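Everything below concerns the one structure shown next.
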Amino acid sequence: MKKNQNLIRGKLGEEIACRYLMSLGYEILLRNYHKSYAEIDIVAAIDNIIVVVEVKTRRFDPDIPAREAVNLQKQNKIIKLTKEIVSEYRLYNYNIRFDIIECYWDTRQIIHIENAFEV
């Protein structure tokens, strides 16, 4: 039951993150793009920037921010998959940025970390 609740909360967090980004003028290009080894939650665009967003939905804990779940291994998978997206959709003329959005369901807080990691 807990796993199912986490999936539901995760999808809700992604929906909240999309609405948040759209309210700031971002265009959502892709959602839940996946290959066997990784998934990217959101690919958005603003100005001349493609923004790859990892969404983490959690209960708020001041000692352990949700962003810590995006470790180096996860970052490398996201970067590898982003390279495939750039090639598949021919996005060569865009700058790429990697963001993390933390959604805390108990406090209804959204924290957007731009340039959370780099290639």
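Read-outs: derived from the displayed coordinates by stated rules, not from any lab. Computed from a predicted structure; not experimentally measured. In this analysis, Cβ positions are derived from the backbone assuming ideal geometry, glycine residues included, and neighbour counts consider all displayed protein chains.
Quick look at the values:
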read-out: The chain: calculated mean residue ellipticity at 222 nm from DSSP helix runs of at least 4, using -39500 (n - 2.57); value: -11500 deg cm²/dmol
read-out: Cβ-based exposure ranking for Thr107, Thr82, in which fewest neighbours within 10 Å come first; value: Thr107, Thr82
read-out: Dipole moment magnitude, nearest 20 debye, the chain about Cα centre, only Lys, Arg, Asp, Glu C-beta charged; value: 440 debye
read-out: On Cα atoms only, tilt of 2-23 relative to the major axis of the chain in degrees; value: 50 degrees
read-out: For the range 36-99: relative contact order, % (alpha-carbon pairs under 8 angstrom, 6 or more apart); value: 44 percent
read-out: Out-of-range pairs (alpha-carbon distance over 28 Å; input Lys3/Lys83; Lys11/Lys77; Lys2/Lys77); value: Lys3/Lys83
read-out: Sites excluded, chymotrypsin sites (Phe, Trp or Tyr not before Pro) in DSSP loops with at most 11 other C-beta within 10 Å, longest stretch of the chain; value: 38-91
read-out: Neighbour-count order for Lys2, Lys56, fewest beta carbons within 10 angstrom listed first; value: Lys2, Lys56
read-out: Farthest toward positive dipole pole in the chain [+1 Lys/Arg, -1 Asp/Glu at C-beta], among Gln5, Gly25, Tyr104; value: Gln5
read-out: Mean Cα-pair separation over length for the chain, i.e. relative contact order, pairs under 8 Å, 6 or more apart, %; value: 24 percent
